[in-house]
Amino acid sequence: MRGDTLTAASAADAKRSLVVHIGPRKTGTTSIQAALASRRDPLRELGVVYPGTGKQHFQPVNRFIGRRQMWETDVDGEVVERPWRQLLREIGDAPHGVISTEVLSQARREHVQRIVDSAPDRTPIVVITYRRFEDLLSSTWQQLVKEGLRDPLDEWSRAAVVAHPELSQDPFPRILDLATLVDIWGGIVGPENVVVILIERSQPLAIFNAFEDVLSLPQGFLTPDGGAAQKRSFTAQEAELLRQTNALLPRDRDSLKRHRALRRSVAHWLDEHPPSDDDTRLSLPLDVVKLARERSEEMVHSVQELSGRIRVFGDLKSLLADASSPPQDFHVPTTTTTAVAAQWLAMAIQHLPEDT
């Protein structure tokens with residue numbers, strides 16, 4: 001669905017733009033990054049530069065805002081400006097430059113200001129991709145488990161949904177709150193330069209159409225051949241096995257490298273093996289679902305108050321609960337078999353060669 005308001009694209013036409021896609025994760029970011037990266041040369045011919053050689057800009061951004069990653073957490077690190085400045089030099093005088101990485105959703109106001117100040121000759125256009133909050137809670141937890149998270153889904157999701165987005169020491173209450181992301185970024189770049197793209201399962205190509213609109217590209221230019229690929233989620237059994245394995249691993253650098261190798265293998269295995277009829281779908285506790293739906297109503301109301309100032313692709317009401325689909329009761333498939341398998345898997349990881 002095309003955007004129904006205002007000025008972000010027209011402002012970009014009047015002045016060279018820096019389009020900053022901040023995610024958050026699990027909102028179609030990988031798909032749009034792959035589309036942009038695979039079309040670098042044709043994009044340049046149309047006045048759009050997606051700098052670098054990788055699919056996204058994790059490392060340059062991480063260094064520029066002073067973050068580093070250890071297991072599933074991000075901690076303060078040394079600020080290194082050179083990789084970010086290299087991206088800007090590569091964009092050069094092109095009408096549009098595009099930066100995309102989910103780590104930008106973690107940026108605090110001082111980080112946003114630093115990014116804006118680094119390109120004073122460009123209009124910053126901030127793109128936030130987003131999906132239903134309760135779905136985002138579950139999918140984000142799954143991703144964090146792949147990265148080493150030890151916390152069970154019920155504990156992690158309950159903490160994320162009740163914490164204050166900007167006061168919590170944990171970044172995820174802030175990262176996953178649409179209204180907070182709009183407030184943080186819009187407070188620096190101006191709400192007229194914020195674009196929200198809503199991700200709906202029934203419209204998997206909408207994210208590509210929206211980016212084409214923002215970048216003034218021909219319709220269908222970014223759409224993948226064969227449509228948008230869909231990666232399947234963990235089943236409850238798979239997630240619990242990996243979570244228990246994480247809990248048994250030491251938190252040192254050698255184990256981290258081995259765990260990353262495991263993560264690549266897990267991702268490949270998931271792509272090749274569909275779930276069976278006996279597997280259980282992940283679900284949130286009913287109290288978390290209730291709180292998440294209340295938060296969603298608050299987010300929608302907050303963004304609607306900016307109607308006519310920010311640009312929204314999609315229907316904000318799609319973020320609200322579907323009364324015809326009541327939530328499933330929460331169930332953790334903890335068994336002796338799972339615990340034994342986790343022990344064996346943890347031991348196997350620790351004995352992998354260091355150069356894996």
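The values are calculated or read from the model by the stated rules, or taken from the named source; none is laboratory data. In this text the structure is predicted, and so the values were computed from the model without any measurement. Cβ sites come from the backbone with ideal geometry, for glycine too, and all protein chains shown count toward neighbours.
Of the listed requirements (1) in a strand (DSSP E or B); (2) more than 23 Å from Ile128 (Cβ to Cβ), His21 misses just one: (2). Selection of region 79-94 for residues being assigned to a loop (DSSP other than H, G, I, E, B), touching a residue at least 40 places away in the same chain (Cβ under 8 Å) and surrounded by 12 or more Cβ atoms within 10 Å (Cβ to Cβ) yields only Ala94. Considering only residues in region 100-134 that are farther than 21 Å from Glu166 by Cα and touching a helix residue (DSSP H, G or I) at 6+ places or on another chain (Cβ under 9 Å), the one that is surrounded by the fewest Cβ atoms within 10 Å (Cβ to Cβ) turns out to be Ser118.
Name the residue that is nearest to Arg253 (Cα to Cα), counting only residues in region 150-175 that are hydrophobic (A, V, I, L, M, F, W, C) and out of contact with any Phe, Trp or Tyr (no Cβ under 7 Å at 6 or more places or on another chain). Selected residue: Phe172.
For (1) at pLDDT 95 or above; (2) assigned to a helix (DSSP H, G or I); (3) surrounded by 17 or more Cβ atoms within 10 Å (Cβ to Cβ), each residue gets a yes or a no:
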site	(1), (2), (3)
Leu284	no, no, yes
Lys290	no, yes, no
Met299	yes, yes, yes
Val303	yes, yes, yes
Ala321	no, no, yes
Ser324	no, no, no
Trp344	no, yes, no
Leu352	no, no, no
Thr356	no, no, no
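Note on region 196-272: enclosed helices (runs of 4 or more DSSP H) holding 3 or more residues that are assigned by TED's automatic domain parsing to the domain that holds Ile184 and surrounded by fewer than 21 Cβ atoms within 10 Å (Cβ to Cβ) are 206-214. Note on region 149-195: residues that are part of a loop (DSSP other than H, G, I, E, B) and of a type in the set (Lys, Arg) amount to 1. Among the residues of region 172-199, the one identified as under 23 Å from Leu320 (Cα atoms), charged (D, E, K, R) and over 15 Å from the mean Cα position of the chain (by Cα) is Asp183.
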